């Protein structure tokens, strides 16, 4: 049976609810100062710079107004494997949905981390990577809130396992610090099965597909300069976008987890809330690329 036909039938049925009111606003930008300001800081953590290291300019932005219950998060930065501006609920329609091949490559660190950590991993594509340099005035833990969503869910959870990674003070496999409540890398499939709801009305990632809300803390870091590299990527293809909304990057106490690699820094991710994420064309043909939206 044609997967596209089936998906379009579902999409048509969902159109009346897909345009739910939202105050979420995304501004596309690669401006380092704007991205650094939106991320947070303060309370002993100073963000010195933020810069794009991989991805198309359209994949980065700042957001405001992710405030409609039951899923909410503070203002911050959004990274997408497609266009950042297509992550709002207002972009969710029959002809305009989150599935853009930006033509961006993967990254060496994403490809090195994938095998053995991301299910069915073959390669990464359309990776949006943001490097943040920050300074701690005294030894402290560091944490941030995030929402990860993907229109791969629920149809392609076994083969197109888009993922969100963050590398602290280096890009080695053991430097990856973002994990779900089961201590797995945050990805479509295993993470969604343990922390998911379809209740979000703010973003394009609505019922029946999936997003989730988590929080990560590191172990105590020394005073001085550090780096964190946020990356989100398509896995095994270039279409059906994923995105991450990152907020409240700060110094402060939290509950760190365990690093599967057995190296420091040991990270932690505490599941706070499961959320749902939607795609009108979940069954889109992967044999042909979906054309870029105007």
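The values are calculated or read from the model by the stated rules, or taken from the named source; none is laboratory data. What you are looking at is a predicted structure, and each value in this text was computed from that prediction instead of being measured. As a convention, Cβ positions derive from the backbone with ideal geometry for all residues, glycine included, and neighbour counts pool all protein chains shown.
Of all the listed residues (122, 116), the sole one being more than 17 Å from the chain's Cα centre (by Cα) and at positive phi is 116.
For the range 1-27, filtering for residues that are surrounded by 14 or more Cβ atoms within 10 Å (Cβ to Cβ) and either at pLDDT 50 or above or assigned to a loop (DSSP other than H, G, I, E, B) (or both) leaves 6. Evaluate the following for residue 203: is it at pLDDT 95 or above and over 17 Å from residue 121 (Cβ atoms)? Spelling it out, it is not the case that residue 203 is at pLDDT 95 or above and over 17 Å from residue 121 (Cβ atoms).
Tell me the residue from 114, 82 that is closer than 23 Å to residue 227 by Cα and in contact (Cβ under 8 Å) with a residue 12 or more places away in the chain, please. Step by step, each of 114, 82 is checked, and only 114 is closer than 23 Å to residue 227 by Cα and in contact (Cβ under 8 Å) with a residue 12 or more places away in the chain. All told, residue 237 meets the bar of being surrounded by fewer than 20 Cβ atoms within 10 Å (Cβ to Cβ) and assigned to a loop (DSSP other than H, G, I, E, B). Scanning the range 170-227 for residues that are assigned to a helix (DSSP H, G or I) and either surrounded by 22 or more Cβ atoms within 10 Å (Cβ to Cβ) or on the phi > 0 side of the Ramachandran plot (or both) yields 175, 191, 192.
Selection of the range 28-65 for residues being loosely packed, with under 15 Cβ neighbours inside 10 Å and in contact with a helix residue (DSSP H, G or I) (Cβ under 6 Å, 6 or more places away or on another chain) yields 49, 51.
Residues that are modelled with pLDDT of 95 or more and more than 17 Å from residue 49 (Cβ to Cβ) within the range 138-158 comprise 138, 139, 140, 141, 143, 145, 146, 147, 148, listed in sequence order.
Residue 280 falls short of the stated requirement of being out of contact with any strand residue (DSSP E or B) (no Cβ under 7 Å at 6 or more places or on another chain), assigned to a loop (DSSP other than H, G, I, E, B), surrounded by 22 or more Cβ atoms within 10 Å (Cβ to Cβ) and at pLDDT 90 or above. Taking residue 68 as the residue in question, decide whether it is part of a loop (DSSP other than H, G, I, E, B), in contact (Cβ under 8 Å) with a residue 24 or more places away in the chain, out of contact with any strand residue (DSSP E or B) (no Cβ under 8 Å at 6 or more places or on another chain) and crowded, with 22+ Cβ neighbours inside 10 Å. The answer is no for residue 68. Is it fair to say residue 132 is within 30 Å of residue 198 (Cβ to Cβ), in contact (Cβ under 8 Å) with a residue 12 or more places away in the chain and part of a strand (DSSP E or B)? So residue 132 does not fit the description; no. Any residue at all in the range 138-145 that is part of a loop (DSSP other than H, G, I, E, B), over 22 Å from residue 116 (Cα atoms) and touching a strand residue (DSSP E or B) at 6+ places or on another chain (Cβ under 6 Å)? Looking through the range 138-145, at least one residue is part of a loop (DSSP other than H, G, I, E, B), over 22 Å from residue 116 (Cα atoms) and touching a strand residue (DSSP E or B) at 6+ places or on another chain (Cβ under 6 Å). Could we say that residue 74 is over 16 Å from the mean Cα position of the chain (by Cα), at pLDDT 95 or above and part of a loop (DSSP other than H, G, I, E, B) here? Here the answer is no, as residue 74 does not meet what is asked.
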